[in-house]
Amino acid sequence: MERIIIFDTTLRDGEQSPGATMNIDEKIEVAKQLAKLGVDVIEAGFPASSPGDFNAVKYIAENIKGPAIAGLARANKKDIEAVWNAVKNAEKPRIHTFIATSDIHLEYKLRKTREEVLKITEEMVAYAKSLCPDVEFSAEDAGRTDPDYLCKIVETAIRAGASTVNIPDTVGYTTPSEFGELIAYIKKNVPNIDKAIISVHCHNDLGMATANSLAAAMNGARQIECTINGLGERAGNCSLEEVAMIFKTRKNKLNLYTEIDTTQIYKTSRLVSNLTGMLVQPNKAIVGANAFAHEAGIHQDGILKYRTTYEIMDPKDIGLVDSQLPLGPRSGRHALKARLIDLGYELSEEDLQKAFERFKLLADKKKSISNRDLEYLMADQFRFNAGTIAYVLKHVQVNCGDHSLPTATVQLEKPNGELIQDAAIGTGPIDAVYQAVNRIIDTPNELIEFSIQAITEGIDAMGEVTIRVQAEDGSIFTGNAANVDILVASTTAYINALNKMIAKTGISVVSCE
């Protein structure tokens, strides 16, 4: 069996999803979990894009052990130097540089000839190689590039020092048969292809990212670039969890495997979803809420008789825990610690005490605490601990009804203990709350999306609120929160979004309990 290298770009391409921006603390938390998951390469960001991205990549490179740490660079010296300065202290540094190669990109974006791009490729890959022993080259929009010209580009990049050559389907245009044939054509027509690993990076615009990646692997690609939950710009990228479970479930057919610890998949998926506010659709393969649910009577009967009649994967293989130990208002620290360990959380005594205090507050409102409740409790604790806190939500109260004006009162606390409160009238209770928050935190924005969904069952179900706000410069920021009180969840989600917006502008950081 041959190994497939897993290159995770959640922190770079995944973060390019509108509203999926993460701060440095959140990126570090995801990077730690990706290392536990067993990915081979973490593309930690695009260092030349901003000081914040540079610092995040640099910190991850210096502190995360195990995976290679890569940064993305356009094919110019400034970008390449920024990547090297960010990753040079990594245990295994990698420079990943790219340039567009399709005729449509050459004519309308780069305004360069094929010969000019060939020359840039040779010079910039050689420059990257002079700095770093591990260089990856990507031919952007390779899926729409003339195959013979693509072969010349790949040959040139390998000759200049690239040890990995990436063939991206940048706009998700190809079909599996086309893409597989393209990889086979490159293997056959690039004379020095044996000196490099072929990588693929497939987008999901037509819903074929995973299928295209699989077709590429079956035709000789040995690195797959992907993201957690398929996160990424537009329709997203190839989904890491789908790729990993395909190779695990069908290993005898494919004769390919990965080093992914699949029992970490579910926790990683929830972490990324919670930190980015990008919800996982219920029917999402592998990690969706319905992925292992069976409602049809025939299916239930089959599952009860023999699990594999309708389940080709064991939920435990992705880390889904179905604990028989109930948690409630009278549960103690040891019971909570045991459940959190089952869910993959290893906490210090200080963090466990904080989690226990939050758990008891939640248990006072609910008779039974589910695993999903605990996941959101841990996500809220991480958000609360991360970064500088400028404001803490202390109180929110709303008066409304069919014969009264919706009125909200909000109270926030500054780090120095000063309490600030204000009230506002809105078109509805949520609008009134947001108007009151805006009076305290003067950060111009437009609410462009608001959604609520129950994430647990029963009358005391936790409600998850996800919102997106747009700043004056057009940037989009996502906030999400869960609570048994949807007004509290709505307020918390809104402040979380403002937190990200204000942090990016450098004014201050807002957080909440």
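The values are calculated or read from the model by the stated rules, or taken from the named source; none is laboratory data. Predicted, not measured: the structure shown is a model, and the values here were computed from it. Note that we place each Cβ from the backbone using ideal geometry, even for glycine, and neighbour counts take in every protein chain shown.
Please go through the stretch 439-464 and pick out each residue that is among the aliphatic types (A, V, I, L, M), within 20 Å of Asn371 (Cβ to Cβ) and part of a strand (DSSP E or B). Show your work before the answer.
Within the stretch 439-464, the subset among the aliphatic types (A, V, I, L, M) is 440-441, 447-448, 452, 454-455, 459, 461-462.
Checking which are within 20 Å of Asn371 (Cβ to Cβ) leaves us with 454-455, 459, 461-462.
Hit for the stretch 439-464 is Ala454, nothing else.
Having 3 or more residues that are more than 30 Å from the chain's Cα centre (by Cα) and buried (at least 17 other Cβ atoms within 10 Å of the Cβ) is the bar; report the strands (runs of 3 or more DSSP E) wholly within the stretch 64-171 that clear it.
Details: elements: 68-74, 93-100, 135-140, 164-169.
Ranges flagged: none.
Hey, does the stretch 54-61 have a residue that's touching a residue at least 60 places away in the same chain (Cβ under 8 Å) and of a type in the set (A, V, I, L, M, F, W, C)?
Filtering the stretch 54-61 down to residues touching a residue at least 60 places away in the same chain (Cβ under 8 Å) leaves none.
Within the stretch 54-61, none of the residues are touching a residue at least 60 places away in the same chain (Cβ under 8 Å) and of a type in the set (A, V, I, L, M, F, W, C).
Within the stretch 391-406, how many residues are under 25 Å from Asn499 (Cα atoms) and in a strand (DSSP E or B)? Reasoning before the result, please.
Looking only at the stretch 391-406, we keep the residues that are under 25 Å from Asn499 (Cα atoms), and these are 391-398.
Now narrow it down to the ones that are in a strand (DSSP E or B): 392-398.
The total comes to 7.
Here's a check for you: in the stretch 451-505, which residue that is out of contact with any strand residue (DSSP E or B) (no Cβ under 6 Å at 6 or more places or on another chain), of a type in the set (Val, Ile, Thr) and more than 23 Å from Gln435 (Cβ to Cβ) is surrounded by the fewest Cβ atoms within 10 Å (Cβ to Cβ)?
Only one residue tops the list, namely Ile459.
Is there any pair linking a residue in the stretch 183-194 that is touching a residue at least 12 places away in the same chain (Cβ under 8 Å) to one that is of a type in the set (S, T, N, Q), with Cβ under 7 Å and at least six apart or on different chains, and which?
From the stretch 183-194, the pairs are Ile183/Asn219; Ala184/Asn219.
Please find, within the stretch 201-239, the residue that is nearest to the chain's Cα centre (by Cα) out of those that are assigned to a helix (DSSP H, G or I) and hydroxyl-bearing (Ser, Thr, Tyr).
The selected residue is Thr210.
Which residues, counting only those in the stretch 299-340, are modelled with pLDDT of 80 or more and of a type in the set (A, V, I, L, M)?
Ile312, Met313, Ile318, Leu320, Leu327, Ala335, Leu336, Ala338, Leu340
Quick one: in the stretch 340-370, of everything that is in contact (Cβ under 8 Å) with a residue 24 or more places away in the chain, among the small types (Gly, Ala, Ser) and out of contact with any Lys or Arg (no Cβ under 9 Å at 6 or more places or on another chain), which residue is surrounded by the fewest Cβ atoms within 10 Å (Cβ to Cβ)?
Per the stated criteria, the residue is Ser368.
Does any residue of the stretch 183-200 turn out to be crowded, with 23+ Cβ neighbours inside 10 Å and part of a strand (DSSP E or B)?
yes
Sort out which residues of the stretch 46-83 are touching a helix residue (DSSP H, G or I) at 6+ places or on another chain (Cβ under 7 Å) and among the acidic types (Asp, Glu), and write them in order of number.
Scanning the stretch 46-83 gives Asp53, Asp79.
If I ask for residues that are of a type in the set (S, T, N, Q) and under 17 Å from the mean Cα position of the chain (by Cα), which ones from the stretch 466-490 would you list?
Across the stretch 466-490, the qualifying residues are Thr466, Thr478, Asn480.
For the stretch 127-153, name all the residues that are among the basic types (Lys, Arg) and more than 26 Å from Ala90 (Cα to Cα).
Arg144, Lys152
Where residues in the stretch 249-268 are part of a helix (DSSP H, G or I) and in contact with a Lys or Arg (Cβ under 9 Å, 6 or more places away or on another chain), which of them is modelled with the lowest pLDDT?
Ranking the qualifying residues of the stretch 249-268, first place goes to Lys267.
Taking the criterion of being farther than 26 Å from Phe356 by Cα, at pLDDT below 90 and part of a helix (DSSP H, G or I), would at least one residue in the stretch 281-298 satisfy it?
yes
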